[in-house]
1. Given V23, V88, L127, which one lies farthest toward the positive end of the charge dipole of the chain, if we put +1 on the Cβ of every Lys and Arg and -1 on the Cβ of every Asp and Glu?
2. Defining a contact as two alpha carbons under 8 Å apart and six or more residues distant in sequence, what relative contact order in percent does the chain show?
3. Can you tell me the FRET efficiency between A67 and R8 if r is taken as the Cβ-Cβ distance and R0 is 30 Å, rounded to the nearest 0.05?
4. Which of D45, D117, D74 ends up with the largest GNM mean-square fluctuation for the chain, with Cα atoms connected below 10 Å?
5. Relative to the longest principal axis of the C-alpha atoms of the chain, give the angle of the C-alpha long axis of helix 98-107, reported between 0 and 90° and rounded to the nearest 10°.
6. Would you mind working out the accessible area per residue for the chain, using a 1.4 Å probe, and quoting it in Å²?
7. Quantify, in whole percent, the carbon and sulfur part of the accessible surface of the stretch 15-118 (1.4 Å probe; protein heavy atoms only).
8. Any chance you could list the semi-axes, whole Å, largest first, of the equivalent ellipsoid that the Cα gyration tensor gives for the chain, using √(5λ)?
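The values are calculated or read from the model by the stated rules, or taken from the named source; none is laboratory data. Keep in mind it's a predicted model, so treat the numbers as computed, not measured. Ideal geometry is used to build each Cβ from the backbone, glycine not excepted, and the neighbour counts take in all protein chains shown. Calculation scope for accessible area: heavy atoms of the full protein, side chains included, ligands and nucleic acids excluded. Shrake-Rupley method; radii C 1.70, N 1.55, O 1.52, S 1.80 Å.
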Amino acid sequence: MYPNDGFRELDRQECLRLLAKVVLGRIVHTRQALPAVQPVNFSLDNDNAVMLRTSASSELVRAIDGAVVAFEADEVDVRAHSGWSVVVTGPATVVTDPAEHARLIRTGPRSWVPAPDEVFVRIEPELVTGRELVGGRTIYGLHLMP
(Lines give C-alpha, C1' and ligand atoms only; values in the text may rest on other atoms or scores of the structure.)
Protein backbone atom coordinates (compact mmCIF):
# COMPACT_ATOMS: atom_id res chain seq x y z
CA MET A 1 0.00 0.00 0.00
CA TYR A 2 1.32 3.41 -0.93
CA PRO A 3 0.73 6.53 1.15
CA ASN A 4 -1.42 9.30 -0.31
CA ASP A 5 1.50 10.88 -2.15
CA GLY A 6 2.09 7.67 -4.16
CA PHE A 7 5.64 7.11 -2.93
CA ARG A 8 7.01 4.22 -0.90
CA GLU A 9 9.93 4.77 1.46
CA LEU A 10 12.85 2.44 0.75
CA ASP A 11 14.96 0.85 3.45
CA ARG A 12 18.75 1.11 3.45
CA GLN A 13 19.32 -2.26 1.76
CA GLU A 14 16.82 -1.51 -1.00
CA CYS A 15 18.51 1.85 -1.57
CA LEU A 16 21.97 0.30 -1.87
CA ARG A 17 20.68 -2.43 -4.19
CA LEU A 18 19.20 0.22 -6.51
CA LEU A 19 22.34 2.37 -6.41
CA ALA A 20 24.39 -0.60 -7.56
CA LYS A 21 22.29 -0.75 -10.77
CA VAL A 22 23.20 2.71 -12.09
CA VAL A 23 26.46 4.50 -12.89
CA LEU A 24 25.47 8.18 -12.94
CA GLY A 25 24.41 10.37 -10.05
CA ARG A 26 24.66 13.91 -8.71
CA ILE A 27 26.85 15.23 -5.94
CA VAL A 28 25.42 18.09 -3.91
CA HIS A 29 27.86 20.32 -2.06
CA THR A 30 28.42 23.93 -1.08
CA ARG A 31 30.25 26.31 -3.39
CA GLN A 32 30.78 29.90 -2.25
CA ALA A 33 28.07 29.47 0.42
CA LEU A 34 25.53 28.32 -2.20
CA PRO A 35 24.25 24.84 -3.07
CA ALA A 36 25.95 23.26 -6.07
CA VAL A 37 24.97 20.11 -7.95
CA GLN A 38 27.23 18.26 -10.36
CA PRO A 39 26.64 15.03 -12.31
CA VAL A 40 29.27 12.35 -11.73
CA ASN A 41 29.80 8.72 -12.55
CA PHE A 42 30.33 6.50 -9.52
CA SER A 43 30.41 2.99 -8.11
CA LEU A 44 29.75 1.46 -4.71
CA ASP A 45 32.73 0.10 -2.82
CA ASN A 46 32.69 -3.13 -0.79
CA ASP A 47 31.53 -1.24 2.31
CA ASN A 48 28.75 0.50 0.30
CA ALA A 49 30.59 3.82 0.24
CA VAL A 50 29.97 5.90 -2.88
CA MET A 51 33.21 6.18 -4.86
CA LEU A 52 34.02 8.94 -7.33
CA ARG A 53 37.10 9.21 -9.55
CA THR A 54 38.21 12.62 -10.76
CA SER A 55 41.18 14.90 -11.29
CA ALA A 56 43.08 15.83 -8.14
CA SER A 57 43.18 19.43 -9.33
CA SER A 58 39.44 19.70 -9.96
CA GLU A 59 37.32 22.31 -8.27
CA LEU A 60 35.05 19.48 -7.09
CA VAL A 61 37.82 17.82 -5.06
CA ARG A 62 38.74 21.12 -3.40
CA ALA A 63 35.07 21.76 -2.56
CA ILE A 64 34.17 18.37 -1.09
CA ASP A 65 37.31 16.91 0.55
CA GLY A 66 36.51 16.84 4.26
CA ALA A 67 32.96 18.19 3.80
CA VAL A 68 29.60 16.56 4.41
CA VAL A 69 27.89 16.13 1.04
CA ALA A 70 24.78 14.56 -0.42
CA PHE A 71 24.83 12.19 -3.35
CA GLU A 72 21.68 11.42 -5.33
CA ALA A 73 20.98 8.86 -8.04
CA ASP A 74 17.74 7.82 -9.62
CA GLU A 75 16.05 5.93 -12.38
CA VAL A 76 12.84 7.04 -14.07
CA ASP A 77 10.45 5.40 -16.53
CA VAL A 78 8.53 8.35 -17.97
CA ARG A 79 6.09 6.16 -19.90
CA ALA A 80 5.16 4.06 -16.87
CA HIS A 81 5.20 7.02 -14.45
CA SER A 82 7.49 5.08 -12.15
CA GLY A 83 10.95 5.38 -10.73
CA TRP A 84 13.07 5.74 -7.65
CA SER A 85 15.48 8.18 -6.06
CA VAL A 86 18.16 7.47 -3.45
CA VAL A 87 20.14 10.01 -1.42
CA VAL A 88 23.36 9.19 0.45
CA THR A 89 24.59 11.79 2.94
CA GLY A 90 27.97 11.69 4.65
CA PRO A 91 31.53 12.98 4.74
CA ALA A 92 33.58 12.99 1.53
CA THR A 93 37.31 12.32 1.72
CA VAL A 94 40.04 11.85 -0.83
CA VAL A 95 41.62 8.40 -0.61
CA THR A 96 45.27 8.94 0.32
CA ASP A 97 46.37 5.42 1.26
CA PRO A 98 48.56 4.06 -1.61
CA ALA A 99 47.33 0.46 -1.20
CA GLU A 100 43.70 1.56 -1.19
CA HIS A 101 44.32 3.76 -4.24
CA ALA A 102 45.91 0.81 -6.08
CA ARG A 103 42.93 -1.41 -5.22
CA LEU A 104 40.50 1.23 -6.46
CA ILE A 105 42.42 1.56 -9.75
CA ARG A 106 41.39 -2.07 -10.35
CA THR A 107 37.92 -2.13 -8.77
CA GLY A 108 36.66 1.46 -8.54
CA PRO A 109 34.73 3.59 -11.00
CA ARG A 110 36.24 4.27 -14.41
CA SER A 111 36.82 7.85 -15.50
CA TRP A 112 34.71 9.09 -18.37
CA VAL A 113 37.36 11.76 -18.97
CA PRO A 114 40.69 10.33 -17.75
CA ALA A 115 43.20 12.74 -16.23
CA PRO A 116 46.86 12.12 -15.35
CA ASP A 117 46.37 13.09 -11.68
CA GLU A 118 43.23 11.12 -10.81
CA VAL A 119 42.11 10.59 -7.23
CA PHE A 120 39.29 8.65 -5.63
CA VAL A 121 36.79 10.33 -3.35
CA ARG A 122 34.90 8.22 -0.80
CA ILE A 123 31.48 9.31 0.47
CA GLU A 124 30.70 7.45 3.69
CA PRO A 125 27.01 6.46 3.74
CA GLU A 126 25.98 7.82 7.13
CA LEU A 127 22.39 8.47 6.05
CA VAL A 128 20.80 6.53 3.18
CA THR A 129 17.23 7.33 2.18
CA GLY A 130 15.09 6.62 -0.84
CA ARG A 131 11.64 6.73 -2.32
CA GLU A 132 9.97 4.75 -5.08
CA LEU A 133 6.95 5.48 -7.27
CA VAL A 134 5.62 2.40 -9.02
CA GLY A 135 3.34 2.29 -12.01
CA GLY A 136 1.39 5.46 -11.99
CA ARG A 137 0.38 8.47 -10.05
CA THR A 138 -2.12 9.21 -7.33
CA ILE A 139 -4.83 11.80 -6.95
CA TYR A 140 -6.57 12.13 -3.60
CA GLY A 141 -5.09 8.83 -2.46
CA LEU A 142 -6.36 6.83 -5.46
CA HIS A 143 -3.76 4.93 -7.48
CA LEU A 144 -4.14 5.74 -11.20
CA MET A 145 -2.49 3.89 -14.04
CA PRO A 146 -0.91 6.00 -16.80
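1. Sorting the options by dipole projection puts first V23.
2. Numbers: 302 pairs, mean separation 47.5, N = 146.
Once divided by the residue count of the chain, the mean separation gives 33 percent.
3. Details: r = 31 Å, r/R0 = 1.03.
E between A67 and R8, to the nearest 0.05, is 0.45.
4. Of the options given, D117 has the highest mean-square fluctuation.
5. That helix lies at roughly 50 degrees to the long axis.
6. On the way: 8530 Å² over 146 residues.
Result: 58 Å² of accessible area for each residue.
7. Working: 3270 of 5700 Å².
Carbon and sulfur atoms account for 57 percent of the accessible area of the stretch 15-118.
8. On the way: eigenvalues 208, 48, 36 Å².
Output for the chain: semi-axes of 32, 15, 13 Å.
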